[in-house]
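Working notes for the structure below.
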Amino acid sequence: MATGELNANHYPAQRAAKVVQHYLNTLHGSPYRVIGLNRVHSGYAEDVADSGRKYNLEISVQDFISNKTEKCTAEVLFPMGEQQRPPQVQASLEELPKTNTKAEEEALFKKYKTNQSLLLANLPDSYGHIDPDMEPFWHLGTVASSFIMLNESTENTLYNMAQVANITQLKTENDQLKFDYHVLLHEMISQEIIHWKLLFTWSPPEGVKVLQMEQLPNSHHYETPQNKN
C-alpha cells in the first residue's frame, strides 16, 4: 500500500473515504437522511508502528435526499494483525447538512407504530424502481447496513448496499419500530454479493440501533438492479 500523499481519485483514498461515509451514517442517518461520499479532496497515508495504517482525509459528503454538501476532515486507522478488526474513525463535519426532517420522521413513526404489519420485498426492483412511499425503508436499510459495512471494511474492500431483499416489521411494546431486514451488499473490489440479516430498531429520538448482524449463505438468486445511490 502506498504511503504519503494519495491520488484522491484512486482506490486507497476512495476506500478510506467510504469508511467515513459508513461511520457518519451510523451516527446521523435516518429514513430522511442518508450521507454519501461526494468527493475526496486530499488524502495522506502513513504506517503507525504497532497500530496499523492511518489515512488523513479532506472530503465532501452529501445528504443524498436534500443534495446538500459539507466539508469533512477525517482520520481512519485500519488496525494491523491477523484478526480483522473494524477501522477506527474520527470525523469532524463543518456542519451537518441542514434538513429539517422532524415532521416527516414523526409522521412515519406514528403510521407504522399504529399498524405494525409492514412486509416488503425487493427494494429496488429489477428495473431500479422504488415506490416513493417505500423510499424511507430503503434509506433505513442503507443506514442500518452502514453498521455492517463499517464493521467489515478493510483497506482491501469497498462496500455499497445493492438491494433490500425483504423487510419484516416486528411487533414491539416500547417506543421503537423494530425491523428484520435481509440486505445484499456489493463488495466492489471482489464483485461479490454478500447476504446479511439485520435486526434493528428505529425511532425519531433514538435513531437506528442495530441489535443483530448475521451473514447469510449466498444461495439466493440475485439480479443486479440500478444503483439508487
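Here are the numbers for this structure:
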| read-out | value |
| --- | --- |
| Expected-Rg normalisation [2.2 N^0.38 Å, Cα atoms] applied to the chain | 1.02 |
| ³J(HN,Hα) computed for each position of the stretch 178-188 - Karplus, 6.51 cos²θ - 1.76 cosθ + 1.60, integer Hz, glycine/proline x | 10, 9, 10, 10, 10, 10, 10, 9, 9, 8, 6 |
| Net lengthening on full extension, LEU96/GLU46 (0.36 nm per residue, minus Cα-Cα) | 15.2 nm |
| Partners for LYS113 among lysines (Cα-Cα distance below 19 Å; same-chain residues under 8 apart left out) | LYS102, LYS171, LYS178, LYS209 |
| Ranked packing of 88-95, 175-182, most packed first, by mean Cβ within 10 Å | 175-182, 88-95 |
| Spin-label proximity, ILE193 to the stretch 126-149 - amide N less than 14 Å from point 7 Å beyond Cα toward beta carbon | 126-128 |
| Residue-wise HN-Hα coupling along the stretch 204-216, computed from phi with Karplus coefficients 6.51, -1.76, 1.60 (Hz; x: Gly, Pro) | x, x, 9, x, 8, 10, 7, 9, 8, 10, 9, 6, 9 |
| On Cα atoms only, tilt of 11-28 relative to the major axis of the chain in degrees | 40 |
| Neighbourhood charge, 14 Å Cβ-Cβ cut-off, centred on GLU214 and excluding it, Lys, Arg +1 and Asp, Glu -1 | -1 |
| Between 0 and 90°, nearest 10: helix 102-114 axis offset from the chain longest Cα axis | 50 |
| Inter-part distance where the stretch 27-49 and the stretch 53-75 are each reduced to a Cα centre, Å | 5 |
| Simple label model, 7 Å out from Cα along Cβ direction - SER60 to LEU27, nm | 2.1 |
| Mean Cβ count within 10 Å, highest first, over the residues of peptides 131-138, 23-30, 201-208 | 23-30, 201-208, 131-138 |
| C-alpha long axis of helix 135-152 to longest principal axis of the chain, angle in ° | 40 |
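Each reported figure results from applying straightforward, stated rules to the coordinates on display, with no laboratory input. Every value quoted in this text rests on a predicted model; they were computed, and no experiment measured them. A quick note on method: Cβ atoms are made from the backbone with ideal geometry, for glycine too, and the neighbour counts reach across all protein chains shown.
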